[in-house]
1. Lys and Arg at +1, Asp and Glu at -1: add these up for the other residues within a Cβ distance under 11 Å of ARG274 and post the number.
2. If R₀ is 41 angstrom, what is the calculated FRET efficiency for the pair SER281 and PHE148, using the beta carbon separation as r and rounding to 0.05?
3. Using the basic label-point model (7 angstrom from Cα toward the beta carbon), what is the TRP54 to HIS299 distance in nanometres?
4. Apply the Karplus curve 6.51 cos²θ - 1.76 cosθ + 1.60, θ = phi - 60°, to the phi angles in segment 145-150 and return the couplings in whole Hz, x for Gly and Pro.
5. Assuming a ≥ b ≥ c are the square roots of the Cα gyration tensor eigenvalues, decide whether segment 41-149 counts as rounded (a/c under 1.5), prolate (otherwise, with a/b larger than b/c) or oblate.
6. In whole percent, what relative contact order does the chain give with Cα contacts below 8 Å and a gap of six or more residues?
7. Taking square-rooted eigenvalues a ≥ b ≥ c of the alpha carbon gyration tensor, is segment 60-101 rounded, prolate or oblate, where a/c under 1.5 means rounded and, failing that, a/b exceeding b/c means prolate?
8. For the ranges 218-230, 134-146, 275-287, what's the packing order if you count other beta-carbon atoms within 10 Å of each residue, average per peptide, and put the highest first?
Amino acid sequence: MQPAPSTNFDPGLTRQYTGPLLRVINKDGSFNVQRTGLRSFAGGVYIRLATMPWPRFFCVVTLAYLAVNSLFAGVFLALGPAALHATERDLGLGDFGRAFFFSVQTLTTVGYGSVYPVGIAANLVAAAEAATGLMGFALATGLLFARFSRPSSKLVFSETMVVTPHGEGTALQFRIANQRNNVLMEVEAHMMLITVERSDGGELKRNFRNLELELTQINFLALTWTVVHSINESSPLYGKTGDDLKEQQAEVLILVKGFDDSFSQVVHTRYSYRWDEIRWSAKFAPAFTTAPEGHLVLHVGKVGNTVRA
């Protein structure tokens, strides 16, 4: 039988709370936690830039690039019209346009000779901008490399969990598959049930219980893996109904980790299912077929397909 958790068992999500409770893990795998009072501003910015989505990252870099060039263009304009001297040929850009594109050339250390600074003040500003460009592009290159080299898993989870007949009883199941063409090896899964219950003193507390799996690890994740928790006498879900899980605001936390042979590193993925994302008396439909040539075809979009049990 599964040992009962100790009274002070807490996986790092705290047992006591007040007010409404949202899901612990969002659909993107992030924890539903907002931090305040952070002192390390630079560290926070680096983590945000290294983990934000690619479109947002490129938008931030583009805006920073335009802002820095606009700032230095304003400084050159403040030095007066004699600070920048153009060649005899009229560029047709206007004062700000000429200062802006000169700033672009200086920041990127690419000079075309059409505009050059005149005077000690303008040359000092140009030197400062050149140094800023070298450091800025070094940081941007480091961030770009960190984003590309950071190993991550691309697992697709079934949209719902199912409670389905299994053996002589029932089982709680979910299914995963790898969205990439690489191979994950030694894939391991853990499940934890969170319920909200009222203590004898009337306080609401969250209880954490590990859900024992029939199979905690597979050697390869080439197709799909249906993770199974048998609902027997030792299971925290034994005798529970959908209404019971709703009343207890039940949520099942998922942690999957495996060895990525492309990066030769261990990668992790988090996911969760709330009580309203559990289908009762259902089972998963097949998600792969056999091609006429004999190889298996995995339909990633069908990983979450279910039918009545």
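1. On the way: positive: ARG23, LYS27, LYS246; negative: GLU251, ASP276, GLU277.
Charge balance near ARG274 sits at 0.
2. Working: r = 45 Å, r/R0 = 1.11.
For SER281 and PHE148, the calculated efficiency is 0.35.
3. In this crude spin-label approximation the distance works out to 2.8 nm.
4. 5, 5, 5, 6, 8, 6
5. Values: a/c = 2.62, a/b = 2.33, b/c = 1.12.
It comes out prolate by the Cα gyration axes.
6. Working: 482 pairs, mean separation 56.8, N = 309.
After rounding, I find 18 percent.
7. Details: a/c = 3.46, a/b = 1.75, b/c = 1.98.
Oblate is the answer for segment 60-101, as a/c is 1.5 or above yet b/c matches or exceeds a/b.
8. On the way: 218-230: 18.2, 134-146: 12.8, 275-287: 16.0.
Most protected by this proxy first, the peptides run 218-230, 275-287, 134-146.
Laboratory data are not the source of any read-out in this text; all were calculated from the coordinates shown. All values derive from a computational prediction rather than experimental measurement. Backbone-built Cβ (ideal geometry, glycine too); neighbour counts: all protein chains shown.
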